[in-house]
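Visitor: Next up is a structure, given as structure tokens.
The values are calculated or read from the model by the stated rules, or taken from the named source; none is laboratory data. As the structure is a prediction and not an experimental result, all values here were calculated from the model. Cβ placement follows ideal geometry from the backbone for every residue including glycine, while neighbour counts extend to all protein chains displayed.
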Amino acid sequence: MRLGIGNEATIRLPNHIDWDEVETLAERQGMLGIVYDGVLRHTDSTDSTDFFPLTVKLRWVGKVMQGYEQQYALYRKAMADLGGGFILVAIG
């Protein structure tokens, strides 16, 4: 997570990581996007393409983007509800 928020330039990660466990913990804490960014930063700084498996990467991208889309839909609904209420107050 320190990599994801740009708080740690160099960090040593173990060679074998249980990505399912990391994913579950990150989702539970609402940090999947930040952890994903950190993993990408680490992956970009290494020559290993096997460190972060493509199947895991694609699954995480899907979950992160789906979460953003859901949040954006809620945001749009809230803004429409607030805007509609503002118009009624201003006219009345």
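Visitor: Only residues in the stretch 5-34 that are within 19 Å of Q66 (Cα to Cα) count as the first member; pair them with residues that are modelled with pLDDT under 75, Cβ under 7 angstrom, at least 6 apart or cross-chain, and list the lot.
Guide: Within 7 Å, the pairs are M31/M1; I34/M1; I34/G4; I34/I5.
Visitor: Now for a separate question. Is it the case, given these coordinates, that L40 is exposed (fewer than 13 other Cβ atoms within 10 Å of the Cβ), aliphatic (A, V, I, L, M) and at pLDDT 75 or above? Steps first, please.
Guide: Details: exposed (fewer than 13 other Cβ atoms within 10 Å of the Cβ): no; aliphatic (A, V, I, L, M): yes; at pLDDT 75 or above: yes.
Considered against the rule, which asks whether it is exposed (fewer than 13 other Cβ atoms within 10 Å of the Cβ), aliphatic (A, V, I, L, M) and at pLDDT 75 or above, L40 comes out as no.
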